[in-house]
1. Being within 19 Å of Leu7 (Cα to Cα) and among the basic types (Lys, Arg) narrows it down to one residue among Lys84, Lys97, Lys57; which is it?
2. Give Ser197, Ser88 a once-over and let me know the one that is polar (S, T, N, Q), closer than 29 Å to Gly35 by Cα and in contact with a strand residue (DSSP E or B) (Cβ under 7 Å, 6 or more places away or on another chain).
3. Is it fair to say Ile302 is surrounded by 14 or more Cβ atoms within 10 Å (Cβ to Cβ), in contact with a Leu (Cβ under 8 Å, 6 or more places away or on another chain), of a type outside the set (Gly, Ala, Ser) and part of a strand (DSSP E or B)?
4. Any chance region 220-238 includes a residue that's of a type in the set (S, T, N, Q) and more than 25 Å from the chain's Cα centre (by Cα)?
5. Taking only region 21-47 into account, find how many residues are touching a Lys or Arg at 6+ places or on another chain (Cβ under 6 Å) and among the aliphatic types (A, V, I, L, M).
6. Which pairs have Cβ atoms under 6 Å, sit 6 or more apart or on different chains, and link a residue in region 154-183 that is over 13 Å from Leu205 (Cα atoms) and in the same structural domain as Ile10 (by TED's automatic domain parsing) to one that is part of a helix (DSSP H, G or I) and among the β-branched types (Val, Ile, Thr)?
7. Report whether or not Met181 is under 30 Å from Ala21 (Cα atoms) and either in a strand (DSSP E or B) or touching a His at 6+ places or on another chain (Cβ under 6 Å) (or both).
8. I need every pair where a residue in region 199-212 that is under 13 Å from Lys162 (Cα atoms) has its Cβ under 9 Å from the Cβ of a residue that is modelled with pLDDT under 95 and assigned to a helix (DSSP H, G or I), sequence separation at least 6 or different chains.
Amino acid sequence: MDMLKQLSLIGIVPVIAINDAADAVPLAQALIDGGLPCAEVTFRTAAAAEAIANMTKAFPDMVVGAGTVLTCEQVDRAVAAGAKFIVSPGLNPTTVKHCQEIGIPVCPGTANPSDIEVALSLGLKTVKFFPAEAAGGLKYIKSIAAPYVDMTFMPTGGVNEKNLLDYLSFNKIICCGGSWMVPGDAVKAKDWDRIRSLTASAVQLMLGLELAHVGVNSADEAEAMDTAAKLCKLLGWTMKVGNSSIFAGTGIEVMKAPGRGARGHIGIRTNFCERAKAYLERQGFEFDPASANVKDGQLKAIYLKNEIAGFAVHLVQK
């Protein structure tokens, strides 16, 4: 899979500075356990290359890149250590061309239309936008994205739990870089449990997984109508009749004929269906590709391959 596509499916790229290379493996484990199997290790510390090497050796499938890369020499050291992508704060054509020559994905920093046009002249389709909030934030990105229809962005700098969803909801943004889940004091204290917890919270904020409804199978339309009517009477809900089902309120969908699942189905809403699918696949769940509902190139709904307690389970885009 294309590296930028991998980062897009993960959604959040933790930006970390490591002063002690011995911290790299437990820090990486905390990120993975929290649901973010990726990291941008900044070259602002002497331990960066060794930290990348330790991470990639311990977790070969983790998407580890090098950030704050300023020179071709740093690119070479990062790649030798196992970095899978390069990120820089600005756009240096020499460094970008070197990355392209050796075949390492590169995402240079941009902050204005002139930077973007240089990036386009170098054949790039995705750039970092830095420092995101200080440079104008999402409003500015939307403004400069308009004339550059094929360019996508990875905002970094000032992105946090308060504005993450706003950024990711714009379709020209593939992922966001951030450091709030890896605070410096937690790394210094080797508080890996705190980092794991902050990472898990960031992932849950991004995905927004929540129960949408429970589907109940019926033998026929008459049974479905009877079931829905009783539930609405019991709970004071309103009935809504559709083509294939009847909703009792918004939480229970009564099927007019036996549907997926021996007992019925469970719908789970998410902010980003494609990212939620990728996240759950990393947790060991499998999906039924034939059940995918795709509209305008975007995944809107998809079922798990296997039932849970007799219920089919599907994701649905909010």
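1. Criteria check complete, one pass: Lys84.
2. Result: Ser88 is the single residue among Ser197, Ser88 that is polar (S, T, N, Q), closer than 29 Å to Gly35 by Cα and in contact with a strand residue (DSSP E or B) (Cβ under 7 Å, 6 or more places away or on another chain).
3. On the way: surrounded by 14 or more Cβ atoms within 10 Å (Cβ to Cβ): yes; in contact with a Leu (Cβ under 8 Å, 6 or more places away or on another chain): yes; of a type outside the set (Gly, Ala, Ser): yes; part of a strand (DSSP E or B): yes.
When the stated conditions are applied, Ile302 passes them.
4. yes
5. 1
6. Matching pairs, first to second residue: Val182/Ile195.
7. No: the conditions fail for Met181.
8. Note: no pairs meet the criteria.
The values are calculated or read from the model by the stated rules, or taken from the named source; none is laboratory data. Note that this is a predicted model, so its numbers are computed, not measured. Quick reminder, even Gly has a Cβ in these numbers, built from the backbone with ideal geometry, and neighbours come from all protein chains shown.
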